[in-house]
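Have a look at the structure below before the remarks.
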């Protein structure tokens, strides 16, 4: 039973560039939520995708966008990268649009220079 | 004011003792509360969820919820060195709601 997977593991980008992060949910899950975790902080909710639509969104600018594919996998896109976007990006999957039983992936460490 | 607040620690606990972690939340409509454990460099893993006032026990872990005081806590009994991690408190308004995490409390269990 495959758990949540994310790619890439690490990424270094330059300020102003664009980045795409990928997530495959746990087998049987159809809901994907994305979080940003800065060093020493708790995860901050970015948005949630269910049935290929963005269902919930946190306090993040439009530079952060996403997509969910028919196979339930998801992408997080960040445009016009800022130094402050450097963080661990976590994907969590769950079932049926609910968030009670979320399983987190290993994360993607993004460094913006 | 942050919606979910925790003491950052570190909380130093002797092996075998009880670790007590506290969390307060500001949104009165929060209904569901969760404790996650996060080892350094790893992703969070769910250890407890609690939805009703009172205590909920699972092995060495006990979660306590008091909605009137907007307070949730986690007790770790017989603390082991493997319990050394950051413990994250999270709250949500409903099953479709946004998850709000606290900044986490670092626990260090000393042999």
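Structure notes:
- Being more than 18 Å from residue A:101 (Cα to Cα), touching a strand residue (DSSP E or B) at 6+ places or on another chain (Cβ under 7 Å), surrounded by 17 or more Cβ atoms within 10 Å (Cβ to Cβ) and away from every other protein chain (no Cβ under 14 Å) is a description that applies to residue B:74.
- Restricted to the stretch A:19-43, and to residues there that are under 16 Å from residue B:96 (Cα atoms) and part of a strand (DSSP E or B), the residue that is farthest from the other protein chains (Cβ to nearest Cβ) is A:32.
- Considering residues of the stretch A:85-113 that are under 18 Å from residue A:53 (Cα atoms) and not in a loop (DSSP other than H, G, I, E, B) only, the residue modelled with the lowest pLDDT: A:94
- Looking only at residues in the stretch B:41-59 that are within 11 Å of chain A (Cβ to nearest Cβ) and part of a loop (DSSP other than H, G, I, E, B), the one that is nearest to residue B:94 (Cα to Cα) is B:51.
- Qualifying residue in the stretch A:45-62 (condition: within 14 Å of chain B (Cβ to nearest Cβ), surrounded by 20 or more Cβ atoms within 10 Å (Cβ to Cβ) and closer than 17 Å to residue B:34 by Cβ): yes
- Taking the stretch B:1-40 as the range and being in a loop (DSSP other than H, G, I, E, B), farther than 28 Å from residue B:111 by Cα and away from every other protein chain (no Cβ under 12 Å) as the test, the residues that pass are B:1, B:26, B:27, B:28, B:29, B:30.
To keep it simple, each residue is scored yes or no on (1) under 17 Å from residue B:31 (Cβ atoms); (2) without any contact (Cβ under 8 Å) to a residue 24 or more places away in the chain; (3) crowded, with 19+ Cβ neighbours inside 10 Å.
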| residue | (1), (2), (3) |
| --- | --- |
| B:59 | no, yes, no |
| B:70 | yes, no, no |
| B:87 | no, no, yes |
| B:90 | yes, no, yes |
| B:96 | yes, yes, no |
| B:100 | yes, no, yes |
| B:105 | no, no, yes |
| B:109 | no, no, yes |
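The values are calculated or read from the model by the stated rules, or taken from the named source; none is laboratory data. Values in this document were obtained by computation on a predicted structure and should not be read as measured data. Glycine gets a Cβ as well: all are built from the backbone with ideal geometry, and neighbour counts include every protein chain shown.
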